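The values are calculated or read from the model by the stated rules, or taken from the named source; none is laboratory data. Since we're looking at a predicted model, the values are computed, not measured. Virtual Cβ from ideal backbone geometry, glycine too; neighbours counted across all protein chains shown. Side chains are part of the model used for accessible areas, which takes the heavy atoms of the whole protein and leaves out ligands, DNA and RNA. Shrake-Rupley method; radii C 1.70, N 1.55, O 1.52, S 1.80 Å.
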Amino acid sequence: MESFTYRSRIRTSAKDLFTWHTRAGAFERLAPPWEDVAVLEKTDGLEDGSRVVIRTKIGPVPMTWLIEHRDYREEKQFCDIQIKGPFKHWEHTHTFVPDGPNACFLEDNVKFLLPMWILGEVFGEELVIRRLETLFEYRHGTLMRDMKMHKKYGVTSMKILITGSTGLIGSSLIPFLTTGGHRVIRLKRDKSKIGENDVYWNPEKGEIDTSKLEGFDAVVHLSGENVARRWTDEKKTEIEESRVKSTRLLSNSLSKLEKKPAVLVCASAIGFYGNRGDEILTEDSQAGKGFLADVSRKWEAATALARKAGIRVVNLRLGVVLSPRGGALEKMLLPFRVGLGGKVGSGHQWMSWISIHDVIGATYHAINDDSIVGPVNAVSPKPATNLEFTNTLGNVLKRPTFFSVPSSLLRVIFGEMADETLLSSARVMPSKLLSSGYEFQFTDLETSLRNLLGKPKV
């Protein structure tokens, strides 16, 4: 039987770190974004006998794991035992060792046996250990950053309402919040699936259950139609209305409450600035021209009533959000992995990117820092040109990037959308985040991509 151990010192008490692991969203928060993994079902808690069923893949082969928790010792340890899954034996013990009142050592010990079939032949024990090294480096790093951020703001518990909870950002933000001890309520459109932690709304019909909106500490509005496809007149209407109508409905409803939230963080986009070449853009820069700039202006203006009602409104102008689970990076990965990646158009256009981890961090910062009001650029302080991004991604994946996609071909395929997204240049700086003291987790593009893709530098 093989054994693997990963140990880190984390600046929080053993009690607090153990409690973090017991909360909803812990598994989702620690699941590495490069792995295709999802929780199918689970019982509450980590006590002996509680179980979780996980869907994942070993290489291209889909697998289902049934894990049972055992050897539970409150604030000290718990163990995950494979009942059914790809290994002949799998035993993962989490141990929490105090190191004074404000720090502890987290030790993950995995004992495993590979099955006596092709899985063992192909992957082998050494490869499993290398993957475990990468996995736990990611998990422990995430824990360190999360605990630091929760400690920084010192907020014990908030009640937070979120729209777009199943999207790329929402599905990452919610586990961060719940493991931090906050209660999250989701705005949902399907009346038949409204549970205890859900509130009904239907922006298209102008419907929202205002009776359940009282008493929230913060509201985060993330919903909006995907822009990454060819724009017909009908599609452009959907893009605009999904943002403007939903924001206006939410803003107006919040403004009429007796117990209003202290803050509304509403998604926006750096499309607000339009195509600006090499110009350095801050929150004080004027709006640009084009469809996305027009939509972004209307989107931000739709929060007016909430602002007039005394709610602090933050318009989070999102850049290119990096995550292999969705968005631009997910679409790039297949062609790059098979050696067909390359620059888009001239490659000189600026891509103002941001790691999904910093989107979460910037959102939490906006919720908690009362000095932040109005537009906030959610981008890394080190934007890259498309050519720089292309070469960096190719280097991380160890693939050539000889190919290029001509602007003319993109215009034929995507029409107006190509000029306003793929070929557009926006060199945006996060001036408000930096001046308000937000500490970026990832400012270097290569480091961010390696973290997100599980490709440590050798």
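The value obtained for the chain, namely the Cα convex hull volume divided by the number of residues, is 154 Å³ per residue.
Placing +1 on the Cβ of every Lys and Arg and -1 on the Cβ of every Asp and Glu, with nothing else charged, gives the chain a dipole about its Cα centre of roughly 520 debye. Legend: residue pairs Lys15/Lys84; Lys256/Lys298; Lys159/Lys245, Cα-Cα distance threshold 27 Å; pairs beyond threshold, Lys15/Lys84. Of the beta bridges in the chain, as assigned by DSSP with both residues counted there, near 55 percent are antiparallel. Comparing Cα centroids, segment 254-319 and segment 369-414 end up 22 angstrom apart. Enter the angle in degrees (range 0 to 90, nearest 10) between the Cα long axis of helix 168-179 and the first principal axis of the Cα atoms of the chain, meaning the one along which they spread out most. Helix 168-179 sits at roughly 50 degrees to that axis. Just the protein heavy atoms count here, and of the accessible area of segment 219-327 at 1.4 Å, carbon and sulfur take up 47 percent.
Among Ser371, Ser424, the sequence by solvent-accessible area, most first, with a 1.4 Å probe is Ser371, Ser424.
Once the Cα atoms are used to define both axes, helix 291-301 deviates from the longest principal axis of the chain by about 80 degrees. Rolling a 1.4 angstrom probe over the protein heavy atoms with all chains in place gives segment 153-277 an accessible area of 44 Å² per residue. Remark: relative contact order (segment 301-458) = 31 percent; criterion is Cα-Cα distance under 8 angstrom and separation of 6 or more residues.
Quick check: from the Cα gyration tensor, does segment 411-458 come out rounded (a/c under 1.5), prolate or oblate? Since a/c reaches 1.5 but b/c is at least a/b, the shape of segment 411-458 is classed as oblate.
Across all directions, the average projected area of the convex hull around the alpha carbons of segment 371-445 is 6.7 nm². The modelled label-to-label distance for the pair Lys398/Asp99, using points 7 Å beyond Cα in the direction of Cβ, is 3.2 nm. Dividing the summed helix terms, -39500 (n - 2.57) for each DSSP H run of n ≥ 4, by the number of residues in the chain produces a 222 nm estimate of -11000 deg cm²/dmol to the nearest 500.
Identify all lysines with a Cα-Cα distance to Lys398 below 20 Å; exclude those on the same chain that are fewer than 8 residues away in sequence. Here the lysines satisfying the reach criterion relative to Lys398 are Lys331, Lys343, Lys455, Lys457. Within straight-line reach of Lys88, meaning a Cα separation under 17 Å, sit the following lysines at least 8 residues removed in sequence or on another chain: Lys57, Lys111. Normalised by the number of residues in the chain, the mean separation of alpha-carbon contacts (under 8 Å, six or more apart) gives a relative contact order of 13 percent. Find the centroid of the Cα atoms in segment 343-361 and in segment 24-75, then give the distance between the two in whole Å. Comparing the Cα centres of segment 343-361 and segment 24-75, I get a distance of 32 Å. Summarising the amide proton neighbourhood of Glu207: residues at separation of 5 or more, or on other chains, whose placed amide H is nearer than 5 Å comprise Asn202.
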